[in-house]
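See below for the structure under consideration.
The values are calculated or read from the model by the stated rules, or taken from the named source; none is laboratory data. Since this is a predicted model, take the numbers as computed values, not measurements. Because the Cβ atoms are built from the backbone with ideal geometry, glycine has one as well, and the counts that use them run over all protein chains shown.
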């Protein structure tokens, strides 16, 4: 990690490069499959805890590569999304799912109000607070910021094969997604699609709305099929491919944002 990217970690959130001045802020909400001991493994076996249901395999490594390459801050969750999915609001059933695809989650079954509130307070709120702190510090310093969230998805979902390899997802603000998709011709060997395999209708744009739209930041969610992220070499290569789309897109969006500010 470059020396100017300072690291700060707690039990539930990792922050790298909070003071970095790049016009990018990288999030990784599903970076870890760690389940704190107090949740007794959520009643899951080893296979379930290692599966895509518990985290986004390869996503954190790609996010770190992007942070290093762009000299950007990164905020990552350090607790499994089955404990609490930091890309979901507290009122969503999928924030603490009783079932993920075909995997039952016994430790999430029948949670009462106090149990749900404990997870919100101990996992979701600290993650959101750190993201908000980084954004506020950047605004105070007059730094342009575009929000980028990094995820991976399984190539098979309920038995159906997915041929999309890189999904460029957005909610109401399409600026960064449009600019990235305009560069997709540089990766002719990849299947790159807008709002695929998920989109706003699937409830996956919570972070974009909460941390991006609410602060007026250009924002995008990048989904990478996880069979393309099977080892460190593949993850580094994919990060470089993402940068092929992201670097020029950031330049366009930051220039546009600065023009709007000075208009």
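Can you say whether residue 88 is under 21 Å from residue 220 (Cα atoms) and part of a helix (DSSP H, G or I), as far as the supplied structure shows? Taking the combined requirement at face value, the residue does not satisfy it.
For residue 32, are the conditions met, namely being surrounded by fewer than 19 Cβ atoms within 10 Å (Cβ to Cβ) and either modelled with pLDDT under 95 or under 21 Å from residue 111 (Cβ atoms) (or both)? Criteria not met by residue 32. Of the candidates 208, 246, the single residue that is touching a strand residue (DSSP E or B) at 6+ places or on another chain (Cβ under 6 Å) and closer than 24 Å to residue 131 by Cβ is 208. Residues that are buried (at least 24 other Cβ atoms within 10 Å of the Cβ), in a helix (DSSP H, G or I) and modelled with pLDDT of 95 or more: does the range 183-199 have at least one? Checked against the condition, which is being buried (at least 24 other Cβ atoms within 10 Å of the Cβ), in a helix (DSSP H, G or I) and modelled with pLDDT of 95 or more, the range 183-199 yields no hits at all.
Taking the conditions (1) in a strand (DSSP E or B); (2) out of contact with any strand residue (DSSP E or B) (no Cβ under 8 Å at 6 or more places or on another chain) in turn, residue 11 satisfies each one other than (1).
Is it the case that some residue within the range 227-246 is at pLDDT 95 or above, within 18 Å of residue 192 (Cβ to Cβ) and outside any helix (DSSP H, G or I)? Yes: the range 227-246 contains one or more residues that are at pLDDT 95 or above, within 18 Å of residue 192 (Cβ to Cβ) and outside any helix (DSSP H, G or I).
Only one of the listed residues (117, 137, 121) is in contact (Cβ under 8 Å) with a residue 60 or more places away in the chain, surrounded by fewer than 15 Cβ atoms within 10 Å (Cβ to Cβ) and outside any loop (DSSP other than H, G, I, E, B). That residue is 137. From the list 145, 154, the one residue that fits, being over 14 Å from the mean Cα position of the chain (by Cα), over 22 Å from residue 12 (Cβ atoms), buried (at least 22 other Cβ atoms within 10 Å of the Cβ) and in contact (Cβ under 8 Å) with a residue 60 or more places away in the chain, is 145.
Number of residues in the range 161-172 that are crowded, with 20+ Cβ neighbours inside 10 Å and more than 16 Å from residue 228 (Cβ to Cβ): the value is 3. The number of residues in the range 83-101 that are under 15 Å from residue 125 (Cα atoms) and without any contact (Cβ under 8 Å) to a residue 12 or more places away in the chain comes to 1.
Consider the range 50-71 and keep the residues that are over 16 Å from residue 153 (Cβ atoms) and touching a helix residue (DSSP H, G or I) at 6+ places or on another chain (Cβ under 7 Å). The one that is surrounded by the fewest Cβ atoms within 10 Å (Cβ to Cβ) is 69.
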